[in-house]
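One structure below.
The values are calculated or read from the model by the stated rules, or taken from the named source; none is laboratory data. Small disclaimer: the values here were computed from a predicted structure and weren't measured. Here the Cβ positions follow ideal geometry from the backbone for every residue, glycine too, while neighbour counts run over all protein chains shown.
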Amino acid sequence: MRLLGIVLIIVGVLALVYQGLSFVIPKEYVDLGFMSITVYRETKIPVPPIVGVVALVAGIALVMSAPGPVAPPPPDDRAPPE
């Protein structure tokens, strides 16, 4: 669960910083023989800030609620019965 929490924290921070996904796709292509022209269009998919906040809070909750390492039992210093 701790790994999932860390991944959610990273995704939440990235969603808050970038606030969306943007990519470029080719729109038109013109070939004039010796020269070609390509027109690109930038497309952006907005991500609301609440998505980043929810992912960040859920990640922190998962990291905080994950059980810690189990300590070994203390050594037995008592003398064996005779």
(Q) If a residue must be small (Gly, Ala, Ser) and modelled with pLDDT under 90, how many such residues does segment 11-47 contain? (A) 4
Q) Could you list, in sequence order, the residues of segment 12-63 that are part of a loop (DSSP other than H, G, I, E, B) and surrounded by 11 or more Cβ atoms within 10 Å (Cβ to Cβ)? A) GLN19, VAL47, PRO48
Q | Inter-residue pairs, beta-carbon under 6 Å, first over 23 Å from VAL11 (Cβ atoms) and in segment 34-52, second of a type in the set (Asp, Glu) and exposed (fewer than 10 other Cβ atoms within 10 Å of the Cβ), 6+ apart | A | VAL39/GLU28
Q.
Residue pairs, Cβ under 7 Å, 6 or more apart or interchain, first in segment 55-75 and over 12 Å from ILE10 (Cβ atoms), second modelled with pLDDT of 85 or more and part of a loop (DSSP other than H, G, I, E, B). List them.
A. LEU62/MET1; ALA66/MET1
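Is segment 65-82 home to any residue that is out of contact with any Asp or Glu (no Cβ under 7 Å at 6 or more places or on another chain) and assigned to a helix (DSSP H, G or I)?
We begin by selecting, within segment 65-82, every residue out of contact with any Asp or Glu (no Cβ under 7 Å at 6 or more places or on another chain); these are 65-82.
Narrowing further to those that are assigned to a helix (DSSP H, G or I): 65.
So far as segment 65-82 goes, yes, one or more of its residues are out of contact with any Asp or Glu (no Cβ under 7 Å at 6 or more places or on another chain) and assigned to a helix (DSSP H, G or I).
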